[in-house]
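Peer 1: Mind looking over this structure? Questions follow.
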């Protein structure tokens with residue numbers, strides 16, 4: 001049976017290093033079943049671009065901190081505190097590309113080239129001018145049309161029995177139900193199955209995963225919650241996450257409104273939501289939730305502050321909030337430790 005699965009950029013965008021339970025299950029499935037996992041060449045380059053777009057702002061922030069303390073660094077003879085060689089985004093992009101290429105090779109992922117049909121420019125242009133999906137009334141970019149045409153051409157050459165497309169871009173590819181391919185596109189690839197997430201696809205293939213995974217695995221709840229606490233006590237992942245959320249949120253204080261700073265986790269409560277046993281790897285794929293009670297400061301610019309006044313020109317007041325985070329993590333039964341943490345969702349309670 002010829003079976004092709006195409007994944008869109010957004011499947012990888014929030015999980016650049018393929019750590020989530022869903023992605024691990026997908027790779028295990030495609031490595032064992034007579035299935036070919038595919039990424040178009042456009043998607044491949046777009047994934048790298050998305051990674052670059054995330055790295056550059058982070059590097060910029062570090063450079064700004066360095067510039068703000070550069071005088072003190074010279075005075076105190078700690079000029080090597082920041083390694084300028086490491087403060088280059090392309091250095092990390094190159095490393096990521098090596099990782100991605102290795103992941104593709106190790107998992108036999110097929111890179112599907114750009115569309116080369118004689119009339120491809122005219123075909124894409126006609127869709128654009130007529131507002132046919134993946135274009136729409138407010139859709140002027142051509143990225144999705146190139147991706148779609150790549151898939152269409154490849155399927156015509158391969159003539160597979162089953163074609164699956166996984167994308168959470170339901171606006172441009174799906175019908176109103178968000179579970180089926182849009183009727184503008186369904187005639188391009190007969191019988192194509194559309195899924196808006198890897199999880200939705202895995203639910204459909206649940207019967208074919210039993211040889212590799214045991215769902216609803218009986219686990220030691222106290223042990224896993226304890227191991228989660230140990231894992232997060234040993235790094236700053238949760239602190240980074242909450243401070244990023246606070247800095248990008250507005251709060252209404254008792255006296256003024258402002259953004260959040262100086263977050264401190266007062267209380268942590270973990271809950272295990274789902275555990276799947278990976279038979280071959282002897283490890284647990286865990287989805288967990290954690291409720292965080294956080295103390296922080298609401299900060300804003302003091303409108304009465306004038307140049308020369310003492311202080312930093314900011315006003316702040318103390319506050320608290322509750323935050324809920326959901327993530328995936330892997331627990332190795334052989335090594336007895338947690339690895340491959342990836343954040344999935346976060347929000348205020």
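Peer 1: Looking at 12, 55, 65, which is the one that is assigned to a helix (DSSP H, G or I), surrounded by fewer than 17 Cβ atoms within 10 Å (Cβ to Cβ) and on the phi < 0 side of the Ramachandran plot?
Peer 2: Within the list 12, 55, 65, the selection yields 65.
Peer 1: Next question, about the same structure. Looking at 201, 231, can you tell me which residue is touching a residue at least 40 places away in the same chain (Cβ under 8 Å) and buried (at least 18 other Cβ atoms within 10 Å of the Cβ)?
Peer 2: 201
Peer 1: Report yes if some residue within the range 212-229 is more than 30 Å from residue 326 (Cα to Cα), touching a strand residue (DSSP E or B) at 6+ places or on another chain (Cβ under 9 Å) and either at pLDDT below 95 or outside any helix (DSSP H, G or I) (or both); otherwise report no.
Peer 2: no
Peer 1: Do any strands (runs of 3 or more DSSP E) entirely within the range 249-346 hold 1 or more residues that are within 21 Å of the chain's Cα centre (by Cα), and if so, which?
Peer 2: Fully inside the range 249-346 and qualifying: 257-278, 283-301, 314-332.
Peer 1: Follow-up question, since we're still on this one. Which residues, counting only those in the range 319-340, are within 19 Å of residue 264 (Cα to Cα) and modelled with pLDDT under 95?
Peer 2: none
Peer 1: Please go through (1) at pLDDT 95 or above; (2) not in a helix (DSSP H, G or I) for residue 246 and return the number of the only condition it doesn't satisfy.
Peer 2: (2)
Peer 1: Pairs only if they're at least six apart or on different chains, beta carbon under 6 angstrom, first in the range 240-265 and in the same structural domain as residue 324 (by TED's automatic domain parsing), second assigned to a helix (DSSP H, G or I) and exposed (fewer than 13 other Cβ atoms within 10 Å of the Cβ); list them, first residue then second.
Peer 2: If the second residue must be assigned to a helix (DSSP H, G or I) and exposed (fewer than 13 other Cβ atoms within 10 Å of the Cβ), no pairs are left.
The values are calculated or read from the model by the stated rules, or taken from the named source; none is laboratory data. For clarity, every value in this text was computed on a predicted model and none was experimentally measured. With ideal geometry, Cβ positions are generated from the backbone for all residues, glycine too; neighbour counts draw on all protein chains shown.
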